[in-house]
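Taking it in order: structure first as structure tokens, then the write-up.
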Amino acid sequence: MTSAFSDAFLRMAEPHAAWGMRQIEEFNEFLPIGPWTVNLDERRYRQSGRELRISVLGSFDTAEGSWLWGWANPGFGKLPVVAAAEALRSFGLDHGVPEFSEELVDLSGFEDPRYAAEMLAFGAMGVLRADGYIGVQANETGRLYMVPDDPQVPVADPDPIALPRLLMQGAQFFNRSAYEVVAGYFHHFTIPWRQEGDTITAELPGGATASVQFDGQGRVAAVSMGSITKESLGNTADA
């Protein structure tokens, strides 16, 4: 039993946190809450009048507090519907991430196992660069988690207005390295940025700049918006 995610999982998932939150907002606008049905053989999920192709991540047993990956579920076998889970398994084996490579992930030791399941699904979404994730109550004690695999799902653009909130919330989600969250957001959207001391400065689409200041403990202390200067902001680091 464990009460925390491995550092390998956090290291791989955290750079996607702020971008993931932006994309989840876009996805939730596209697929509002409502009645749902799913046909796993045909990889078709329908909700609120929208139908899209999906891939299964895994299932969470709310009674046992355990997560079972789709590729390990004997009911799915090698069906195409578990393609995303298979990709995560390969990633986990290649990068030493036990949460992605082990059949069963025991989350019962977490203070809130169900929230831990959401964190695991969100981390999987980020690593896969999926356009969202879906979690539904499939039966009394089982939740099914999926990711969309459909070109009709909108891809979020960077939002300068929401940027301070996204960076702050993203840094708090996994709460490991705020720097990785900020750099990961700019890297994902291919936004030029540079670091000077405890500050990252980025050139945003539309003619604005964002300056993110970190405190002595590496946390996001402030996010300020401004105008582009004449100085070029070449990307001098990789997320």
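The values are calculated or read from the model by the stated rules, or taken from the named source; none is laboratory data. Because the structure is predicted, anything quoted here is derived from the model rather than measured. Cβ atoms come from the backbone with ideal geometry, glycine included; neighbour counts cover every protein chain shown. Keep in mind that these areas ignore ligands, DNA and RNA; they rest on the heavy atoms of the full protein, side chains included. Shrake-Rupley method; radii C 1.70, N 1.55, O 1.52, S 1.80 Å.
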Yes/no for residue 237 being at pLDDT below 95, closer than 30 Å to residue 6 by Cα, over 20 Å from the mean Cα position of the chain (by Cα) and not in a loop (DSSP other than H, G, I, E, B): no
Residue check for residue 34: touching a residue at least 12 places away in the same chain (Cβ under 8 Å) and under 24 Å from residue 10 (Cβ atoms): no
Tally, over segment 193-223, of residues that are of a type outside the set (Gly, Ala, Ser), closer than 24 Å to residue 11 by Cβ and in contact (Cβ under 8 Å) with a residue 12 or more places away in the chain: 13
Whichever residue in segment 178-192 is of a type outside the set (A, V, I, L, M, F, W, C) and in contact (Cβ under 8 Å) with a residue 24 or more places away in the chain and, among such residues, is surrounded by the fewest Cβ atoms within 10 Å (Cβ to Cβ): 192
Test for residue 44: is it under 30 Å from residue 160 (Cα atoms), out of contact with any Phe, Trp or Tyr (no Cβ under 6 Å at 6 or more places or on another chain) and open to solvent by 60 Å² or more (accessible area, probe 1.4 Å): no
Number of positions in segment 144-156 that are out of contact with any Phe, Trp or Tyr (no Cβ under 7 Å at 6 or more places or on another chain) and assigned to a loop (DSSP other than H, G, I, E, B): 6
Segment 196-207, subset within 22 Å of residue 21 (Cβ to Cβ) and open to solvent by 60 Å² or more (accessible area, probe 1.4 Å), residue modelled with the highest pLDDT: 203
Flag if residue 153 is open to solvent by less than 40 Å² (accessible area, probe 1.4 Å), at pLDDT 95 or above, out of contact with any Asp or Glu (no Cβ under 6 Å at 6 or more places or on another chain) and of a type in the set (Val, Ile, Thr): no
Listing of strands (runs of 3 or more DSSP E) fully contained in segment 54-143 that carry 2 or more residues being under 21 Å from residue 21 (Cβ atoms), open to solvent by less than 20 Å² (accessible area, probe 1.4 Å) and touching a residue at least 40 places away in the same chain (Cβ under 8 Å): 134-137
Matching residues in segment 166-177 - criterion: being open to solvent by less than 10 Å² (accessible area, probe 1.4 Å) and more than 13 Å from the chain's Cα centre (by Cα): 167
Any chance residue 210 is open to solvent by less than 20 Å² (accessible area, probe 1.4 Å) and among the small types (Gly, Ala, Ser): yes
